[in-house]
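Since the structure comes first, as structure tokens, the remarks are kept for the end.
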Amino acid sequence: MGLYSSPTFKNAFSEFFLKMQEDGLDAAKKSWEVSLYKSAVKGTSTDLFEKMIDFYSELGFVSKKKHEAVLKENEELKKENAFLRGIVQNMNLRVFEDGSKNIQETWKDTVDKQMEISKDIAKNFFDLFKK
């Protein structure tokens with residue numbers, strides 16, 4: 001905490017941390033080698049910064065690069081989910097259409113058979129009275 005209260009150290013760490021978020025740890029290390037803060041902040045190395053970044057990571061902070069990657073993946077998954085929902089809805093619609101056609105045909109066949117049976121019964125009934 002004593003180091004972080006130093007404005008020079010705070011600015012150096014902020015610069016390193018932002019570079020790490022934007023371009024990754026390796027790029028931040030290379031940037032630190034040519035940074036103006038390197039000579040101003042004596043006795044510190046990128047190891048200390050990495051430990052501080054690990055501390056932030058354990059608290060749940062993630063780099064901007066990872067955050068953007070997760071957002072991109074989330075958008076792709078949303079598109080894929082919408083596509084899959086559309087397919088499932090079309091399949092359900094086809095199943096319902098086919099099922100309703102089958103029920104309609106079965107109902108028509110049943111009514112036709114009932115009509116034939118009713119005609120046969122009526123015919124037999126009239127034949128009985130004719131005799």
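The values are calculated or read from the model by the stated rules, or taken from the named source; none is laboratory data. Please read these numbers as outputs of a predicted model, since none were measured by experiment. Each accessible area value is taken on the protein alone, full model and side chains, heavy atoms only, with ligands, DNA and RNA left out. Shrake-Rupley method; radii C 1.70, N 1.55, O 1.52, S 1.80 Å.
Here are some conditions: (1) open to solvent by less than 80 Å² (accessible area, probe 1.4 Å); (2) within 30 Å of SER14 (Cα to Cα); (3) modelled with pLDDT of 80 or more. GLU73 meets all but one. Which one does it not meet?
(1)
Could you please let me know if VAL111 is at pLDDT 90 or above and in a helix (DSSP H, G or I)?
Numbers: at pLDDT 90 or above: yes; in a helix (DSSP H, G or I): yes.
Taking the combined requirement at face value, the residue satisfies it.
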